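Undergrad: Below: one structure in structure tokens.
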Amino acid sequence: MSYPRKQFAQHWLRSPTALNQIVKAAQLSTDDHLLEIGPGTGILTERLLTLAQTVLAVEIDRDLCKKLVQKFGKRDNFLLLQGDILTLRLEDYLQDFSQFQNPNKVVANIPYNITGPILEKLLGNIAQPNPQPYDLMVLLVQKEVAQRLCAGPGSRTFGALSVRVQYLAKCEFICDVPSKAFYPPPKVDSAVVRLRPRSIEHPAESPKHLEMAVKLGFASKRKMLRNNLQSVIDRDQLTQILEQLKVNPQARAEDLSVEQWVSLSNQLVHLTS
Ligand code: SAH
């Protein structure tokens, strides 16, 4: 048995400062029921167990699970499931554990190699938002991803991921976490983000069209939007729509706000149906 295991993107957090920042950002109360993804050796879990009502943890590594059971198994507010967060159907395992059934917050230092799929598992996607969204999610992620999640329109880091996630959740950049806060230090910088899933104020008339527009619109970031979208809409028609939305016809995908993406996709529904 050799640790940490690269295959599971294991980097143990060892900085009390970073742990404090995560816990503070989660605004924990003793009413909270938490989901933790990848508890690892349990350094964050330990704190969560004292601050929240319950912690449901999902860890893929069997050997670590044995250690976690030794460490926390006697606490009745802790439940550990061994498995892959992406494929595990949590509800199948929780019938007999009612107090762990509906966690309201997610707090985790997640494995970076599956950040995108984890976000989709937690939030759903444009076409199928999670019907039971969490109140709040505090995640430690790669800094570059954190910047994309929290970027506003017009910024260089605002991309398809920003639109997809911000359509479903309010995203806040909490703080940087340097690589020396981990053992072994990851090759990339990290950051803490806080996501608050929200009910969508102006839902897209056709989520399918919104997803398609975002996908095509950002396909080639250096090109103007009207060129990226020319396979689905005539350039002149798009120019008209952009003028209506008060967007410069020469705009690139990153210049449109999430609301403007929704309006644009609503116009596309009428033109292409
Ligand atoms: N939270 C710990 C460990 C973070 S490292 C700490 O801060 O120290 C990421 C953790 O996620 C590891 O424990 C790894 O084994 C676990 N992991 C990796 N892939 C996973 C998956 N698909 N499902 C659940 N856990 C996973």
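The values are calculated or read from the model by the stated rules, or taken from the named source; none is laboratory data. Only a predicted model underlies this, so the values are computations on that prediction, with no experimental measurement involved. Cβ coordinates were reconstructed from backbone atoms using ideal geometry, including for glycine residues, and neighbour counts include every protein chain displayed.
Undergrad: Considering A52, A108, A57, which residue is within 16 Å of the chain's Cα centre (by Cα), assigned by the TED database to the domain that holds A160, among the small types (G, A, S) and within 26 Å of T17 (Cβ to Cβ)?
TA: Numbers: A52 fails: within 16 Å of the chain's Cα centre (by Cα); A57 fails: within 16 Å of the chain's Cα centre (by Cα).
After applying the criteria, what remains is A108.
Undergrad: May I pose another question? Looking at region 98-140, which of its residues are farther than 16 Å from L88 by Cβ and of a type in the set (G, A, S)?
TA: Correct list: S98, G116, G124, A127.
Undergrad: Now for a different question. Quick one: would you say P4 is modelled with pLDDT under 95 and more than 18 Å from the chain's Cα centre (by Cα)? Write out each step before concluding.
TA: On the way: modelled with pLDDT under 95: yes; more than 18 Å from the chain's Cα centre (by Cα): yes.
Considered against the rule, which asks whether it is modelled with pLDDT under 95 and more than 18 Å from the chain's Cα centre (by Cα), P4 comes out as yes.
Undergrad: Has region 16-35 got any residue that is in contact with a strand residue (DSSP E or B) (Cβ under 9 Å, 6 or more places away or on another chain), of a type in the set (D, E, K, R) and within 13 Å of the ligand (Cβ to nearest atom)? First the steps, then the outcome.
TA: If we filter region 16-35 for residues that are in contact with a strand residue (DSSP E or B) (Cβ under 9 Å, 6 or more places away or on another chain), which is where we start, we get 17-19, 21-28, 32-35.
Add one more test, that the residue is of a type in the set (D, E, K, R), and what stays is 24, 32.
Narrowing further to those that are within 13 Å of the ligand (Cβ to nearest atom): none.
There is no residue in region 16-35 that is in contact with a strand residue (DSSP E or B) (Cβ under 9 Å, 6 or more places away or on another chain), of a type in the set (D, E, K, R) and within 13 Å of the ligand (Cβ to nearest atom).
Undergrad: Can you tell me which residues in region 126-142 are more than 16 Å from the ligand (Cβ to nearest atom) and of a type outside the set (V, I, T)? I'd like the intermediate steps shown before the answer.
TA: The initial filter retains those residues of region 126-142 that are more than 16 Å from the ligand (Cβ to nearest atom), namely 126-136.
Passing the criteria: A127, Q128, P129, N130, P131, Q132, P133, Y134, D135, L136.
Undergrad: If you don't mind, another one. In the list K121, K143, K180, which residue meets the criterion of being surrounded by fewer than 14 Cβ atoms within 10 Å (Cβ to Cβ) and either within 14 Å of the chain's Cα centre (by Cα) or modelled with pLDDT of 95 or more (or both)?
TA: Every option except K180 fails the conditions.
Undergrad: Count, please, the residues in region 3-28 that happen to be surrounded by 15 or more Cβ atoms within 10 Å (Cβ to Cβ), in a helix (DSSP H, G or I) and touching a residue at least 40 places away in the same chain (Cβ under 8 Å).
TA: Result for region 3-28: 6.
Undergrad: I would also like to ask the following. Working only within region 218-260, note down all residues that are without any contact (Cβ under 8 Å) to a residue 40 or more places away in the chain and of a type in the set (D, E).
TA: D234, D236, E243
Undergrad: Separate question: Restricting the first residue to region 78-93 and requiring it to be in the same structural domain as L44 (by the TED database), which pairs with a second residue that is among the basic types (K, R) and more than 9 Å from the ligand (Cβ to nearest atom) meet a Cβ separation below 7 Å and a spacing of at least six or different chains?
TA: Hits for this filter: Q82/R62; I85/K121; L86/K121.
Undergrad: Here are L86, L34: which of them is surrounded by fewer than 21 Cβ atoms within 10 Å (Cβ to Cβ), under 28 Å from V165 (Cα atoms) and modelled with pLDDT of 95 or more?
TA: Every option except L86 fails the conditions.
Undergrad: Please verify whether region 188-195 includes one or more residues that are free of Cβ contacts under 8 Å to residues at least 12 places away in the same chain and over 24 Å from L136 (Cβ atoms).
TA: At the first step, the residues of region 188-195 found to be free of Cβ contacts under 8 Å to residues at least 12 places away in the same chain are none.
Within region 188-195, not a single residue is free of Cβ contacts under 8 Å to residues at least 12 places away in the same chain and over 24 Å from L136 (Cβ atoms).
Undergrad: Of all helices (runs of 4 or more DSSP H) completely enclosed by region 36-125, which ones contain at least 1 residues that are of a type in the set (A, V, I, L, M), more than 9 Å from the ligand (Cβ to nearest atom) and touching a Pro at 6+ places or on another chain (Cβ under 7 Å)? Even if it seems obvious, please write down each step before you answer.
TA: Details: elements: 43-51, 62-72, 90-93, 115-123.
Ranges flagged: 62-72, 115-123.
Undergrad: Any residue at all in region 224-245 that is more than 12 Å from V269 (Cβ to Cβ), of a type in the set (V, I, T) and not in a helix (DSSP H, G or I)?
TA: no
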